[in-house]
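The values are calculated or read from the model by the stated rules, or taken from the named source; none is laboratory data. Values in this document were obtained by computation on a predicted structure and should not be read as measured data. Here the Cβ is made from the backbone with ideal geometry for all residues, glycine too, and neighbour counts use every protein chain on show. With ligands, DNA and RNA removed, areas are computed over all heavy atoms of the protein, side chains included. Shrake-Rupley method; radii C 1.70, N 1.55, O 1.52, S 1.80 Å.
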Amino acid sequence: MELRQLHYFMEVAEREHVSEAAMHLHVAQSAISRQIANLEEELGVDLFEREGRNVKLTPIGRQFLDHIKTAMKAIDFAKEQIDEYLDPNRGTVKIGFPTSLAGQFLPTVISAFKEEHPNVAFLLRQGSYKFLIEAVKNRDIDLAFLGPVPSNIAEIKGDILFSESLLALVPVNHPLSGQKSLHLGDLRNDQYVLFPDGYILRKMAVDACKQVGYTPKISSEGEDLDAIKGLVSADMGVTLLPESAFNETAPRFTKKIPIDYPQVKRTVGIITPKNRELSPSAKVFYQFVKKFFSRLQQYQ
């Protein structure tokens, strides 16, 4: 079994067409067909069913593909580690982040790191809470920033960098917009603008409202901070967002108000895999981030 055969197999499996795979790989179609036939002969099973010009994975072929994808990720990771071992300051770090940390947090951290390590490159992947955890588990990314930091996942190590409160954001013409703080029960009759179902910030907002005796009436949803802030600005409802989402000031036509009760807080931190070593460049970045926020805590 050769790496070339496995690359050919994966390409054909993804495209379900031998000639298209050949064009993408810049090799002759006959060469791909021959290598896959050799692979099937060595394994003693049919990996594909032929349907005219198209091909389709057999049930055992689908299982084989899943295992090969995992194996190829491990091989790619091993190559990256060798390259970065020679010079960890010239590697690439694959980072995941949620939308709530995209505005100020992530640019601040990366720009500070780049001042000390200008030759390290980044691949950034935005995603939901569950997606980022799975991406770290599956080697799709090296590490991820997350809030709140999970503490009960066997394969994941979480480091808390800081904690922050969630604030109420209301339209500027809201009856409570002039208050310095509020009880969350004061908003029980308002329409809410929240993230879609499945987003962790939606769950935190709903749980906080339930803590004071009501389920929020959700009138609108937005998949990113700008959308939610825009909907509040347009007087479509109120929302709860973390402090770091505001860049010190609230959007136009809105007011941010601290919540007296209940205290709605989240931890923010970085998650890494427990069952494997970080690449040298990712390890340099991880250590930098922990020191960076440790220094910030000392000055606050």
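Could you tell me which residue of the stretch 230-246 is modelled with the lowest pLDDT, considering only residues that are under 21 Å from the mean Cα position of the chain (by Cα) and open to solvent by 10 Å² or more (accessible area, probe 1.4 Å)?
Among those residues, the one meeting the criterion is SER244.
For ALA144, indicate whether it is exposed (fewer than 14 other Cβ atoms within 10 Å of the Cβ) and closer than 28 Å to PHE293 by Cα.
For ALA144, the condition - exposed (fewer than 14 other Cβ atoms within 10 Å of the Cβ) and closer than 28 Å to PHE293 by Cα - is not met.
Please go through the stretch 214-227 and give me each residue that is under 12 Å from THR239 (Cβ atoms) and either charged (D, E, K, R) or part of a loop (DSSP other than H, G, I, E, B) (or both), ordered by number. Don't jump to the end; show me each part of the working.
At the first step, the residues of the stretch 214-227 found to be under 12 Å from THR239 (Cβ atoms) are 216, 218-222, 225, 227.
Listed by number, the residues that qualify are PRO216, GLU221, GLY222.
Of all the strands (runs of 3 or more DSSP E) wholly in the stretch 33-128, which have at least 2 residues that are touching a Phe, Trp or Tyr at 6+ places or on another chain (Cβ under 8 Å), closer than 26 Å to SER163 by Cβ and open to solvent by 50 Å² or more (accessible area, probe 1.4 Å)?
Ranges flagged: 121-126.
Looking at the stretch 92-141 only, could you name the residues that are of a type in the set (Val, Ile, Thr) and under 12 Å from the mean Cα position of the chain (by Cα)?
ILE95, THR99, ILE133, VAL136, ILE141
Residues of the stretch 181-213 being in a loop (DSSP other than H, G, I, E, B), among the charged types (D, E, K, R), at pLDDT 95 or above and open to solvent by 70 Å² or more (accessible area, probe 1.4 Å), which ones? Steps first, please.
We begin by selecting, within the stretch 181-213, every residue in a loop (DSSP other than H, G, I, E, B); these are 181, 188-190, 195-199, 212-213.
Filter once more, so that each one left must be among the charged types (D, E, K, R): 188, 190, 197.
If we keep only those that are at pLDDT 95 or above as well, we get 188, 190.
Scanning the stretch 181-213 gives a single hit, ARG188.
Identify the residue in the stretch 129-143 that is among the aliphatic types (A, V, I, L, M) and part of a helix (DSSP H, G or I) and, among all such residues, is farthest from GLY269 (Cα to Cα).
ALA135
Residues of the stretch 154-176 being open to solvent by 40 Å² or more (accessible area, probe 1.4 Å) and part of a loop (DSSP other than H, G, I, E, B), which ones?
ALA154, GLU155, VAL172, ASN173, PRO175
Between residues in the stretch 144-155 that are over 11 Å from THR267 (Cα atoms) and residues that are surrounded by fewer than 16 Cβ atoms within 10 Å (Cβ to Cβ), which pairs lie under 6 Å by C-beta distance while being six or more apart or on different chains?
Filtered contacts from the stretch 144-155: GLU155/LYS274; GLU155/ASN275.
For the stretch 271-300, give me each residue that is of a type outside the set (Lys, Arg), modelled with pLDDT under 90 and surrounded by fewer than 16 Cβ atoms within 10 Å (Cβ to Cβ).
ASN275, GLU277, SER294, LEU296, GLN297, GLN298, TYR299, GLN300
Show the residue pairs that are 6+ apart or on different chains and have beta-carbon atoms under 8 Å apart, the first residue being within the stretch 238-266 and assigned by the TED database to the domain that holds ILE218, the second being open to solvent by 90 Å² or more (accessible area, probe 1.4 Å) and charged (D, E, K, R).
ILE257/LYS180; PRO258/LYS180
Within the stretch 253-270, take every residue that is touching a helix residue (DSSP H, G or I) at 6+ places or on another chain (Cβ under 8 Å) and open to solvent by 30 Å² or more (accessible area, probe 1.4 Å) and give me the one that is modelled with the lowest pLDDT. Walk me through how you get there before you give the answer.
Step one: of the stretch 253-270, the residues touching a helix residue (DSSP H, G or I) at 6+ places or on another chain (Cβ under 8 Å) are 253-254, 259, 261-262, 264, 266, 268, 270.
Narrowing further to those that are open to solvent by 30 Å² or more (accessible area, probe 1.4 Å): 253, 261.
Details: PHE253: 91, TYR261: 94.
Selected residue: PHE253.
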